[in-house]
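A.B. asks: Sharing a structure here in C-alpha cells format.
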Amino acid sequence: MTRPVTRTQVGIVGAGPAGLMLAHLLHRAGVDSVAVDSRSRTEIEQTHRAGILERDSVRLLVDSGVSDRVLREGYQHEGIALRFNGVSHRIDFEKLVGSSVWLYPQTDVFMDLADARARDGGDVRFGVTDTRVVDTTGDRPGILCTDADGLEQEIRCDILVGADGSRSMTRHEIPDRRQYYREYPFAWFGILCEAPPSAPELIYTRSERGFALISQRTDAIQRMYFQCPPDEQVEDWSSDRIWEELQSRVAGEDGFQLKEGRILEKSVLPFRSFVCEPMRYGNLLLAGDAAHTVPPTGAKGLNLALADVRVLAEVLQQVIVEGRREALDDYTSRALNRVWKAQHFSYWMTTMLHASDDAGEFDVRRQLGELETLTGSEHGAAYLAEAYTGWPHG
Ligand code: PHB
C-alpha cells in the first residue's frame, strides 16, 4: 500500500507553542503548513510549564489574532520581589523601564494557539509515531510518520522546521553542529497548591537553605518551587515537609509567611543551559527548545521560543512569498543574538540566587554583595527589569 502524500509549503515537527505559533504566523502571511507532534493534545495541555510572558510575547498573541484571553485572564505584573537575608526588595519594572510581564501559563498559550489553528482550518496532527525527516538538503524535504490512526503518512514541503523541544530529533540532522552546555548541581522541586496568593507579585528568594520561587496561577491555585538536588525523589516529600522547607526559605524578620493549602501536584524539574549552533542546515531550521534551553530562573524559555518563531516567520515569508532564498542565511545569527543574551541573563539569575555545596564563605558573601548592589541601585535594577520584561524585537 502506498502511503498518502500531503504537499505543503512548511512542514513543522513539533506542535507545542513554537510550532503552532509559527504555523499561525505563516497562515497570516498566506503560507500553508502541516505540524505534527508525538504527544496528544491532552498530554501537552497537562504538562505544567512556566508562567511568565514578556510584554512582546503578549503583544504577539494579541496583535496576530491568536487570542486576547491573556489580557482578560492573565495577570499583569509590574515588578517582582528579590528576597534575601529575610527582607524583600521590589524591582519596579514600570518605573525602571516602563514595561511589565504577564502571568499566563504556557498551557494556556498552547490552548489558545491550538484553538486558533482549529478555527483557521490549520492541519495539525497530534499523537503521531515513528517520525522521521528526510531529504533535508533537497528541494522537497519531507516528514514521514504514522498518524494517530496507525496509518503511514508522508508530508512533502519546501522548508522543514524542527520545533520538537529539548529532546529534539531534528537537531541531529545538522552535521558538524556545535553544542554548548552548562549543567547545574541542582534542580527545582515544583508544587501546585490550592491556596490564595501569598503575595501580589512573584518572589525570588535566596536563603541559606537555597533558592525558592513563589509564583502564582489564579486566585485559588499557586505555583511554588524550591531548589533541590537533581536526584531528589518526590515520594520523600510529604506535604508537611514541603511546607516546612518553603516556609523556612522565605522566613524573615518581617514575619512573612506563605499561605498553605492542599498540594495538587509535585515534581522535580532538572535543567541546564544549552545552545546548538547553527540553527539551520539546508532546508531545515530549528526553533525554540530544539535549539536552546535555559534554566527557568529568568522565565525566558517560552519567550525565546516565541521570539525565534517571529524571526523565522519573517524569514520564511521572504523565502517562500518573495523568493528571496538568501534570507535563510541570516536566520541563525538573527535568532542567536537574543538567545545568548537570554543565556547570560538566565545563568546570572540562577547563580545569583541558588546555594551551591562547593561555595565557600567568600562566595556566599560575594553573592549577597551582588544582591545588595542590584537592589540598592536603579542602574543595577534596571538591567534586571529590562532583561526580565524582554528586549525589543529587532
Ligand atoms: C512559574 O510560574 O511557573 C514560573 C515563573 C517564573 C519563573 C519560572 C517559573 O522564573
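The values are calculated or read from the model by the stated rules, or taken from the named source; none is laboratory data. Fair warning: this is a prediction, and the values are worked out from it, not measured in the lab. Because the Cβ atoms are built from the backbone with ideal geometry, glycine has one as well, and the counts that use them run over all protein chains shown. To get the accessible areas, we keep the full protein, side chains included, count just its heavy atoms, and leave off ligands, DNA and RNA. Shrake-Rupley method; radii C 1.70, N 1.55, O 1.52, S 1.80 Å.
A.B. asks: Would you tally the net charge around S238, using a Cβ to Cβ cut-off of less than 14 Å, leaving S238 out, and scoring K and R as +1, D and E as -1?
C.D. replies: With Lys, Arg at +1 and Asp, Glu at -1, the net is -4.
A.B. asks: Just subtract the alpha-carbon distance of F362 and R177 from 0.36 nm times their residue separation and send over the number in nm, one decimal.
C.D. replies: Gain on stretching F362 to R177: 62.8 nm.
A.B. asks: Let me ask something else. For the pair H344/M111, report the inter-label distance in nm, with labels modelled 7 Å from Cα in the Cβ direction.
C.D. replies: Label-label distance for H344 and M111, simple model: 3.8 nm.
A.B. asks: Provide the descending list of Cα extents for the stretch 129-250 along its principal axes, expressed in whole angstroms.
C.D. replies: 59, 35, 30 Å, listed from the longest principal axis down.
A.B. asks: Moving on. At 222 nm, what helix-only mean residue ellipticity would the chain give, in deg cm²/dmol to the nearest 500, using -39500 (n - 2.57) for each DSSP H run of four or more?
C.D. replies: Computed mean residue ellipticity for the chain: -10500 deg cm²/dmol.
A.B. asks: Taking the Cβ of Q367 as the centre, find all other residues whose Cβ is under 12 Å away and add up their charges (Lys, Arg: +1; Asp, Glu: -1).
C.D. replies: Details: positive: R206, R365, R366; negative: E208, E361, D363, E370, E372.
It works out to a net charge of -2.
A.B. asks: Leaving out same-chain residues fewer than 8 places away, which lysines sit with a Cα under 25 Å from that of K341?
C.D. replies: K95, K300
A.B. asks: I'd like the per residue volume of the convex hull spanned by the Cα atoms of the stretch 49-172, given in cubic angstrom.
C.D. replies: It is 186 Å³ per residue.
A.B. asks: Taking +1 at the Cβ of each Lys and Arg and -1 at the Cβ of each Asp and Glu, which of V58, I203, I91 sits farthest along the dipole of the chain towards its positive end, judged by Cα position relative to the Cα centre?
C.D. replies: It is V58.
A.B. asks: Roll a 1.4 Å probe over the protein heavy atoms and report the accessible area of E94 in Å², nearest 10.
C.D. replies: Counting only protein heavy atoms, E94 exposes about 60 Å² to solvent.
A.B. asks: A further question follows. For the pair R119/S166, report the inter-label distance in nm, with labels modelled 7 Å from Cα in the Cβ direction.
C.D. replies: Between R119 and S166, the label points sit 3.1 nm apart.
A.B. asks: Shifting gears a bit: How much net charge surrounds K341 when only the other residues with a Cβ under 12 Å from the Cβ of K341 are counted, with Lys and Arg +1 and Asp and Glu -1? Please report the intermediate quantities before stating the final value.
C.D. replies: On the way: positive: K300, R338; negative: E386.
Its environment carries a net charge of +1.
A.B. asks: Then there's this: What number comes out for accessible area per residue over the stretch 58-108 if the probe is 1.4 Å? Units Å², please.
C.D. replies: Ligands and nucleic acids excluded, the result is 41 Å² per residue.
A.B. asks: Let me ask something else. Give the peptides 41-48, 337-344 in descending order of average Cβ contacts within 10 Å, highest first.
C.D. replies: So the order, starting with the most tightly packed, is 337-344, 41-48.
A.B. asks: If I require 15 Å or longer along the helix axis, counting alpha carbons, and a Kyte-Doolittle average no lower than -0.5, what helices from the chain are left? Use full DSSP H segments.
C.D. replies: Helices meeting the criterion: 17-28, 106-119, 301-320, 331-353, 378-389.
A.B. asks: Semi-axes of the equivalent ellipsoid for the chain, please: Cα gyration tensor eigenvalues, times 5, square-rooted, ordered largest first, whole Å.
C.D. replies: 38, 22, 20
A.B. asks: What part of the accessible area of the chain, given as a whole %, is carbon or sulfur when the probe is 1.4 angstrom?
C.D. replies: The computed percentage sits at 47.
A.B. asks: So, one more: Placing +1 at every Lys and Arg Cβ and -1 at every Asp and Glu Cβ, with all other atoms neutral, what dipole size does the stretch 92-211 have around its Cα centre, in debye to the nearest 20? Kindly include the intermediate steps, with their values, before the conclusion.
C.D. replies: Values: 14 positive and 22 negative charges, 114 e Å.
Once rounded to the nearest 20, the dipole reads 540 debye.
A.B. asks: On to the next question. Residues of the stretch 222-305: accessible area per residue at 1.4 Å, in Å²?
C.D. replies: Here the residues of the stretch 222-305 average 39 Å² of exposed surface.
A.B. asks: Pull out the extension gain between D149 and D231, defined as 0.36 nm times the separation in residues minus the alpha carbon to alpha carbon distance; nm, one decimal.
C.D. replies: 25.8 nm
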